[in-house]
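Okay, structure first, notes after.
The values are calculated or read from the model by the stated rules, or taken from the named source; none is laboratory data. Note that the coordinates shown come from a computational prediction; the quantities given were computed from them, not determined experimentally. Using ideal geometry, Cβ is built from the backbone for each residue, glycine included, and neighbour counts are taken over all protein chains shown.
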Amino acid sequence: MTDALSRPTSVLLVGGTSDIAIATLHALRSPVLRRVVIAARPSEGRDAVMSDLERAGYLGVEAVDFDAADTASHEAMLDASFAAGDIDVVLVAFGVLGDQLDFEEHPDHAVEAAQVNYVGGVSVCLRTAQRMKTQGHGALVVLSSVAGERARRSNFVYGSTKAGLDSLASGLADSLHGSGVQVLIVRPGFVHTSMTSHLAPAPLSVTAEDVADAVVSGLKRGATVVYVPATLRVVMSGLRHVPRAVFRKLPI
């Protein structure tokens, strides 16, 4: 359970090899953090993350196998993660960006992305919510995206998966109100990570560390939604109301 300063003693990173997940873990680190669970596929990347955390002096670091597309395995992943006790913060940070033109040319690839980003997210979020509601406390942090607020020609398949996940998390937040469980929806714009390194930066770009700081701030405030950067809240509010004929021509 979090201490008097709202610092977590245990954290589960679902998608634990992502840049944003690791940056968030570092931002949450404190003397009271005693257990860190990295949920990810067995890989050299996961091994490297585990080694880096251990060298950095993190205590109680462990790994559990996780495949976002294999929803039948998610219950076992959470069983293993919660086996040693309550989890204070669960960060849902997995997903694939993909390529819009590839999705249009190969619809099966789009289906696979939707299976990971949305269906996998539904499975993990709802199962985690059940456990946190039972334990009576905790925070479920869901990494969404402003790409889900309005479909754009350049990435509407990815955006649609984030729109679905965002809507699910929003409803989940309402359903858990008063239960002691916080749901925090994180809506960043373009984030400089290994997943986006091949793309040209967009306006108002941020780093994984910027997202991590927003997560920590949002958890402390008891927020339900945070935009990264914060100015995107105003920008997206305006873009939602731009006429379609105009929106279609915008260089975004």
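Only residues that are over 27 Å from residue 135 (Cα atoms), out of contact with any Gly (no Cβ under 8 Å at 6 or more places or on another chain) and of a type in the set (Ser, Thr, Tyr) were counted in the range 172-223, giving 5.
Quick grid of which residues meet (1) over 28 Å from residue 180 (Cα atoms); (2) acidic (Asp, Glu):
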| site | (1), (2) |
| --- | --- |
| 46 | yes, no |
| 54 | yes, yes |
| 60 | no, no |
| 108 | yes, yes |
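With farther than 20 Å from residue 16 by Cα, in contact with a helix residue (DSSP H, G or I) (Cβ under 8 Å, 6 or more places away or on another chain) and at pLDDT 90 or above as the only criterion, which of 165, 176, 204, 239 stands out? That would be 176, the only listed residue that is farther than 20 Å from residue 16 by Cα, in contact with a helix residue (DSSP H, G or I) (Cβ under 8 Å, 6 or more places away or on another chain) and at pLDDT 90 or above. Please verify whether the range 9-17 includes one or more residues that are among the small types (Gly, Ala, Ser), within 19 Å of the chain's Cα centre (by Cα) and under 21 Å from residue 135 (Cα atoms). For the range 9-17, residues among the small types (Gly, Ala, Ser), within 19 Å of the chain's Cα centre (by Cα) and under 21 Å from residue 135 (Cα atoms): present.
Just to be sure, is residue 226 over 21 Å from residue 96 (Cβ atoms), in contact with a helix residue (DSSP H, G or I) (Cβ under 8 Å, 6 or more places away or on another chain) and modelled with pLDDT of 95 or more? Considered against the rule, which asks whether it is over 21 Å from residue 96 (Cβ atoms), in contact with a helix residue (DSSP H, G or I) (Cβ under 8 Å, 6 or more places away or on another chain) and modelled with pLDDT of 95 or more, residue 226 comes out as yes. For residue 62, the conditions (1) surrounded by fewer than 19 Cβ atoms within 10 Å (Cβ to Cβ); (2) in contact with a Pro (Cβ under 8 Å, 6 or more places away or on another chain) are fulfilled apart from (2). Within the range 88-104, no residue satisfies the criterion of being crowded, with 24+ Cβ neighbours inside 10 Å and over 16 Å from residue 21 (Cα atoms). Contact annotation: residue pairs with Cβ atoms under 7 Å, 6 or more positions apart or on different chains, pairing a residue in the range 176-205 that is on the phi > 0 side of the Ramachandran plot with a partner that is in a loop (DSSP other than H, G, I, E, B) and not hydrophobic (A, V, I, L, M, F, W, C), are 180/136; 180/137; 204/189; 204/229; 204/231.
Quick check on the range 105-119: of everything there that is touching a residue at least 40 places away in the same chain (Cβ under 8 Å) and of a type outside the set (S, T, N, Q), which residue is farthest from residue 65 (Cα to Cα)? Checked the range 105-119; the qualifying residue farthest from residue 65 (Cα to Cα) is 110. Filtering the range 214-252 to residues that are among the small types (Gly, Ala, Ser), part of a helix (DSSP H, G or I) and farther than 15 Å from residue 147 by Cα leaves 214, 217, 218, 245.
Screening residue 246 on (1) buried (at least 16 other Cβ atoms within 10 Å of the Cβ); (2) more than 18 Å from residue 142 (Cβ to Cβ); (3) of a type in the set (A, V, I, L, M, F, W, C) shows it passes everything except condition (1).
Can you spot a residue in the range 128-150 that is part of a helix (DSSP H, G or I), under 14 Å from the mean Cα position of the chain (by Cα), over 30 Å from residue 246 (Cα atoms) and touching a residue at least 40 places away in the same chain (Cβ under 8 Å)? Looking through the range 128-150, at least one residue is part of a helix (DSSP H, G or I), under 14 Å from the mean Cα position of the chain (by Cα), over 30 Å from residue 246 (Cα atoms) and touching a residue at least 40 places away in the same chain (Cβ under 8 Å). Selection over the range 151-204 of residues that are surrounded by 15 or more Cβ atoms within 10 Å (Cβ to Cβ) and assigned to a helix (DSSP H, G or I) gives a count of 16. The single condition among (1) over 25 Å from residue 192 (Cα atoms); (2) of a type outside the set (Phe, Trp, Tyr); (3) surrounded by fewer than 18 Cβ atoms within 10 Å (Cβ to Cβ) that residue 51 does not satisfy is (1).
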